[in-house]
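Below you'll find the structure, written out as structure tokens, and then a few comments.
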Amino acid sequence: MSKHIAILPGDGIGPEIVAQAVRILDKFIADGLDIKYQYAPLGGAAYDQYHHPYPPFTQKICQQADAILLGAVGGPQYDKLERSLRPERGLLAIRKDLNLFGNLRPAILYPELANASTLKPEVVSGLDIMIVRELTGDIYFGEPRGIHTLANGEREGINTMRYKESEIRRIGKIAYEAAQKRNKKLCSVDKANVLETTELWREIMTEMNKDYPDVTLTHMYVDNAAMQLVKAPKQFDVMVTGNIFGDILSDQASMLSGSIGMLPSASINETGKGMYEPSHGSAPDIAGQNLANPLATILSLAMMLRYSLNNEQAAQHIEQAVGKVLAQGLRTQDIFEEGCQKVGCSQMGDAVLAAM
Ligand code: NAD
């Protein structure tokens, strides 16, 4: 049966970088992969066309799709819109609509780009970590919350960290399955020594290990995890953690690689349906100039093939082609260094296609 993909180019550099990933998708289709895709607007592009950042037209296509490929949304021309109509609202709406609670953010550093990192090349070269972050619960959503005034007139701010067992189990399942597809090592990050919510988290993650006996589970307190990520990041394979710890650790880990134009990401739900997008934004400063690095988007397509379309071989095919192109010395301006050949967005797409 055909798999259906919704393609949402979005704003700024979105259409340019997505176009390069679609060329690769077209190659797979020409070679016999049974995939159909359909375009829909999201964010500012959707506001321009339908006066809403996530219009019913887009919603219907996304709901029916097996997976979604997104460029990026946002731009200064939309900054003055009323909050509910801003491009970023489209992103939040789609995540909520499809219940995309599991965020997968790899931090990969190709050996050829080791100099782009602020850490010593020997510490980060060949780095390949996957951070699995719970995206819809934790202290960001827990009630009660707010700022109120105490009897003595002093104000107090409150947020509540809470996780239900079912919420921990479903993100645990994504993390264990991701570990099974990689090096079978899972590190669960918590603060179980002081936070009961994460004591429960640790208990459930441990209990789930019996269903995934091939995965080696370890636990780490979040403060230690932050230190280890800069001290010896290559010790990690998959890390799983809650929303707030994951927010911080995934940004920290992504910066180990030094280049935002290289990092893909995925947000997935219980059925395995997911939205795949580069970790960066719409880069309005370089939009329309053929300067953007399309590799994060191309690598997002590889993640889609692996996690939503169950095609590990095609995913690896893309990742190896990206490695080859970097080894050939081709660089977009964001990852350029002396001695390499500077290319534009579409030339980088040409090179990846040729390497495949
Ligand atoms: P940004 O990631 O768009 O850009 C930051 C810097 O990185 C810029 O100098 C940009 O030129 C560069 N850059 C980003 N992606 C690149 C690529 N592929 N190749 C080469 N250089 C690249 O972040 P920002 O400037 O803070 O935000 C711009 C817009 O993007 C805003 O409207 C913001 O709301 C939006 N945004 C969207 C998303 C998303 O769609 N998921 C995420 C973050 C920001």
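The values are calculated or read from the model by the stated rules, or taken from the named source; none is laboratory data. This one's a predicted model, so the numbers in the text were calculated from it and none came from an experiment. Note: ideal-geometry Cβ built from the backbone for every residue, glycine included; neighbour counts use all protein chains shown. The area values use the complete protein model at the heavy-atom level, side chains included, leaving out ligands, DNA and RNA. Shrake-Rupley method; radii C 1.70, N 1.55, O 1.52, S 1.80 Å.
Structural remarks
- Equivalent ellipsoid of the stretch 46-87: semi-axes from √(5λ) of the C-alpha gyration tensor, largest first, are 21, 12, 7 Å.
- Percent carbon-and-sulfur accessible area, the stretch 163-287, ignoring ligands, DNA and RNA, probe 1.4 Å: 54 percent
- DSSP-assigned coil residues among GluC sites (Glu not before Pro) in the stretch 290-356, each with at most 10 further Cβ atoms within 10 Å: Glu338
- For the stretch 78-133, radius of gyration divided by Kirkwood radius, i.e. Rg to Rh on alpha-carbons: 1.24
- Furthest towards positive pole of dipole, Gly246, Phe141, Phe236, structure part the stretch 106-262, Cβ charges: Phe236
- Per-bin percent of Cα-Cα distances, the stretch 197-356 [10 Å]: 9, 30, 35, 19, 7, 0
- Solvent exposure of the chain as accessible area per residue, Å², 1.4 Å probe: 45 Å²
- Value at 222 nm in deg cm²/dmol, rounded to 500, when DSSP H runs of n ≥ 4 in the chain each add -39,500 (n - 2.57): -12500 deg cm²/dmol
- When you filter the chymotrypsin sites (Phe, Trp or Tyr not before Pro) in the stretch 263-343 for DSSP loop state and at most 15 other Cβ atoms inside 10 Å of their Cβ, you are left with Phe336.
- Antiparallel DSSP beta bridges within the stretch 106-262, percent to nearest 5: 35 percent
- P(r) weight above 37 Å for the chain, C-alpha pairs, percent: 19 percent
- Global size of the stretch 106-214 as Cα Rg and Dmax, reported in angstrom: 19.0, 61
- Set of lysines with alpha-carbon distance to Lys342 below 26 Å, sequence-local pairs under 8 removed: Lys27, Lys120, Lys324
- Charged side chains reduced to their Cβ positions (Lys and Arg at +1, Asp and Glu at -1) give the chain a dipole of some 340 debye around its Cα centre.
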